[in-house]
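The values are calculated or read from the model by the stated rules, or taken from the named source; none is laboratory data. None of these values were measured; they are calculated from a predicted model. Positions of Cβ are generated from backbone atoms using ideal geometry, with glycine treated the same way; all protein chains shown enter the neighbour counts. SASA here: full protein model, heavy atoms, side chains in, ligands and nucleic acids out. Shrake-Rupley method; radii C 1.70, N 1.55, O 1.52, S 1.80 Å.
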Amino acid sequence: MASREIRKIKVLTIIFSITMAVLTIRTVWMILDHGSSSEGYTNPSVAERVVRGTIYDRYGNVMAIETPYYSLAFHLDTIDDLDEVIRETAALITLSEEEIRNITENHTSYALIKRRLTTREKEKLSGLSLKGIVIEKRYGRQYPQVHHASSLLGFANRENKGMEGLELVYESELNPIPQLNEKVSYGDNIYLTIDMNLQYILDDAVLNMIEEHKAESAAAILLDGKSGEILASSSYPWFDPGSYNLFTAEQRSELISSQIREPGSVFKVFTLAALVDAGLVTEDDHFFCDGEYEYITETGNQIDISCVEPHGEVTPETMISKSCNGAVSSWSSRMSSEELYGYLEDYGFLSPHDISLSSASSGYLAPIEDWSQRTKPTLSFGQEIAISPVQIVTAATTLTDNGYRVEPYLVEAVVSHDGERLYTAQVNRSEEQIISSHAVDMVLQGMETAVVTGTATTAAVEGVTIGAKTGTAQVADPDGGGYLKNTYLASTLAVFPLEDPRYIIYVAALAPSGGTIWGSAIAAPAISEVIEDMVRSGYIESSVMKKVSGQSADLIED
């Protein structure tokens, strides 16, 4: 019985051994067969380069584009006679022998001698047969508009990577990761709301203002107040994005959304609109200005408010046209601090406004619990609040859109390289009126009077109805302790044409030193220059031109 069991075990052992051997052989065969198969895993191909997307203005004018260029480089470890190579190449490019030698001394095997060769330099160098020199084809960013709107665009560095402005904010769209199984990848194209013709007009007026009044810097913005489209923007000093390394960070600064300052008297239009909307000021209100006003606080303390000169009898309309501090601060006492703060929030003064610029500021206004007894009266004429030009024109859209606030924007569309529209901007207005139609009418009437007979007469253009408010503000000391001595912000805010208010323009010059400090003498004339050029270019009609055109037509008919 035992021997029978032993035989059975031996048979099972043999069967098991044969089975395991077969399985082992088959496994080895499968490994060897699949390992040699032509259908095995291979790395996917990745696009060799990415073509950075182009940035256009609203009409398709190129503002930033990728272009090829050629560079001269030395492979130093293959050059037999470096002196000869330096001598011969220096004779053909705009670098001296000494400059080329200095470059090579910092490298051992490879030296980039000149990044961008001119067409003539490339042609001459191509005729050389020297060992170790090479002309390399590269791709870089070109900015055909040079300094125009440069602070908005920012720049892409030598590696074609966005570093500032729109080039940085839209880096992933303009310069996406390389695609699989494609030889070349393409970035998306960006279309801006900027109108380059208006940009030239605005920049020209700003430059004339800077040269005449010797201002330290300037910021200006032209907005379509019904749609929110930023049509032109200027931040002076300008810079050339194609030579960004030659300019400081301060010179490259974008000022329309990042620089916040006390606005001064242009702010009075927003205070008055809030007071009228709240029913606290009417057309029948009067204030007598003798040049000094004693504001009595809720606790009985006295705050002295001064005007530039006595204004006599002042109404809400003439408060704007004469720019009376006493009147507006007196009327502001009728509104609670909480209600005033609420209006300022609704105007958008405490919001950064997303215009696709990472530098946008939200402005500054102290919390109500930190307000002093003089905050509300001085706030009424633009002190103790710091805001940007973008915030000012955004609040002014309430005057062009019947009391509704319209959000500004800078990017109109994002379009793929093959024409697919990936993003289209939409008009974004507040759901509720910020101020009533009646308040809008009262403020615009005051601004029009300012242009006809008040402080803003230098903004006038014959045949165009314009409303404007000038401002001359002290500049806060960034180190604290009050205001900088003899340093002012001269500004003007304008809305036109008043028959159907559409355009908003704001111009501000910092630290003018040309003999006057007043917004009426510095910024208002610049606005007049812009509007005159807009008339000539056909953006707006002048009643004078209509009249002349009508007379000409009559003569032809006769």
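One residue stands out in region 471-499 among those that are out of contact with any Pro (no Cβ under 8 Å at 6 or more places or on another chain) and under 30 Å from Ser543 (Cβ atoms): the one that is most open to solvent (accessible area, probe 1.4 Å), namely Glu499.
Residues in region 425-448 that are outside any loop (DSSP other than H, G, I, E, B) and surrounded by fewer than 20 Cβ atoms within 10 Å (Cβ to Cβ) were compared, and the one that is nearest to the chain's Cα centre (by Cα) is Arg429. Inclusion of Phe287 among residues that are closer than 17 Å to Thr318 by Cα, open to solvent by less than 10 Å² (accessible area, probe 1.4 Å) and not small (Gly, Ala, Ser) is not warranted.
For region 227-244, state whether one or more residues are among the β-branched types (Val, Ile, Thr) and in contact with a Gly (Cβ under 9 Å, 6 or more places away or on another chain). Within region 227-244, not a single residue is among the β-branched types (Val, Ile, Thr) and in contact with a Gly (Cβ under 9 Å, 6 or more places away or on another chain). Of all residue pairs spaced 6 or more apart or on separate chains, those with beta-carbon atoms under 9 Å, a first member in region 181-192 that is touching a residue at least 60 places away in the same chain (Cβ under 8 Å) and closer than 16 Å to Tyr139 by Cβ and a second member that is in a strand (DSSP E or B) and open to solvent by 50 Å² or more (accessible area, probe 1.4 Å) are Lys183/Arg49; Val184/Arg49; Ser185/Val46; Ser185/Arg49.
Yes/no per residue for (1) farther than 30 Å from Glu182 by Cα; (2) open to solvent by less than 80 Å² (accessible area, probe 1.4 Å); (3) touching a helix residue (DSSP H, G or I) at 6+ places or on another chain (Cβ under 9 Å); (4) at pLDDT below 90:
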{"site": "Ile18", "(1), (2), (3), (4)": "yes, no, no, yes"}
{"site": "Thr42", "(1), (2), (3), (4)": "no, no, no, yes"}
{"site": "Val46", "(1), (2), (3), (4)": "no, yes, no, yes"}
{"site": "Asp57", "(1), (2), (3), (4)": "no, yes, yes, no"}
{"site": "Arg87", "(1), (2), (3), (4)": "yes, no, yes, no"}
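Looking across Ala425, Ala413, Ala459, Ala395, one residue alone is touching a strand residue (DSSP E or B) at 6+ places or on another chain (Cβ under 6 Å) and more than 20 Å from Asp195 (Cβ to Cβ). It is Ala459. When region 332-367 is limited to residues that are modelled with pLDDT of 85 or more and charged (D, E, K, R), the one that is nearest to Ala396 (Cα to Cα) turns out to be Asp346.
Evaluation of Gly300 against the conditions (1) assigned to a loop (DSSP other than H, G, I, E, B); (2) over 26 Å from Leu223 (Cα atoms); (3) open to solvent by less than 20 Å² (accessible area, probe 1.4 Å) shows that the sole unmet condition is (3). When we screen Gly154, Gly140 for residues that are under 19 Å from the mean Cα position of the chain (by Cα) and crowded, with 18+ Cβ neighbours inside 10 Å, the only hit is Gly154.
Part of a loop (DSSP other than H, G, I, E, B), closer than 20 Å to Val269 by Cα and among the polar types (S, T, N, Q), is that true of Ser330?
no
The residues on offer are Tyr244, Tyr293, and the sole one that is farther than 30 Å from Gly154 by Cα, among the aromatic types (Phe, Trp, Tyr) and either open to solvent by 80 Å² or more (accessible area, probe 1.4 Å) or touching a strand residue (DSSP E or B) at 6+ places or on another chain (Cβ under 7 Å) (or both) is Tyr293.
One residue is enough: does region 375-390 have a residue meeting the conditions assigned to a helix (DSSP H, G or I) and among the aliphatic types (A, V, I, L, M)? Yes, region 375-390 contains a residue that is assigned to a helix (DSSP H, G or I) and among the aliphatic types (A, V, I, L, M).
Cβ-Cβ contacts under 9 Å between residues 6 or more apart (or on different chains), taken from a first residue in region 53-82 that is farther than 21 Å from Arg120 by Cα to a second residue that is open to solvent by 30 Å² or more (accessible area, probe 1.4 Å) and basic (Lys, Arg), are listed as His75/Lys131; Thr78/Lys131; Ile79/Lys131; Asp80/Lys131; Asp81/Lys131; Leu82/Arg101. Checked against the criterion of being within 30 Å of Ser233 (Cα to Cα), open to solvent by 30 Å² or more (accessible area, probe 1.4 Å) and assigned to a loop (DSSP other than H, G, I, E, B), region 60-73 has at least one qualifying residue. Hey, could you check region 189-216 for residues that are among the polar types (S, T, N, Q) and not in a helix (DSSP H, G or I) and say which is most open to solvent (accessible area, probe 1.4 Å)? Among those residues, the one meeting the criterion is Asn189. Pairs meeting the criteria (first residue in region 86-99 and under 14 Å from Lys124 (Cα atoms), second residue among the β-branched types (Val, Ile, Thr) and in a loop (DSSP other than H, G, I, E, B), beta carbons under 9 Å, at least 6 apart or on different chains) are Ile93/Thr118; Thr94/Thr118. Of all residue pairs spaced 6 or more apart or on separate chains, those with beta-carbon atoms under 6 Å, a first member in region 149-164 that is under 19 Å from Pro178 (Cβ atoms) and a second member that is among the charged types (D, E, K, R) and open to solvent by 30 Å² or more (accessible area, probe 1.4 Å) are Gly162/Glu171.
Yes/no matrix, rows are residues, columns are (1) more than 12 Å from the chain's Cα centre (by Cα); (2) closer than 30 Å to Arg405 by Cα; (3) not acidic (Asp, Glu):
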{"site": "Glu159", "(1), (2), (3)": "yes, no, no"}
{"site": "Val206", "(1), (2), (3)": "yes, yes, yes"}
{"site": "Glu211", "(1), (2), (3)": "yes, no, no"}
{"site": "Ile221", "(1), (2), (3)": "no, yes, yes"}
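May I ask you to verify whether Leu272 is open to solvent by 20 Å² or more (accessible area, probe 1.4 Å) and of a type in the set (A, V, I, L, M, F, W, C)? So Leu272 fails the test. Just so you know, in region 391-413 the residues that are assigned to a strand (DSSP E or B) and open to solvent by 10 Å² or more (accessible area, probe 1.4 Å) include one that is nearest to Arg334 (Cα to Cα), and it is Tyr409. Checked against (1) part of a loop (DSSP other than H, G, I, E, B); (2) in contact with an Asp or Glu (Cβ under 7 Å, 6 or more places away or on another chain); (3) under 30 Å from Gln199 (Cα atoms); (4) open to solvent by 60 Å² or more (accessible area, probe 1.4 Å), Arg116 passes all but condition (2).
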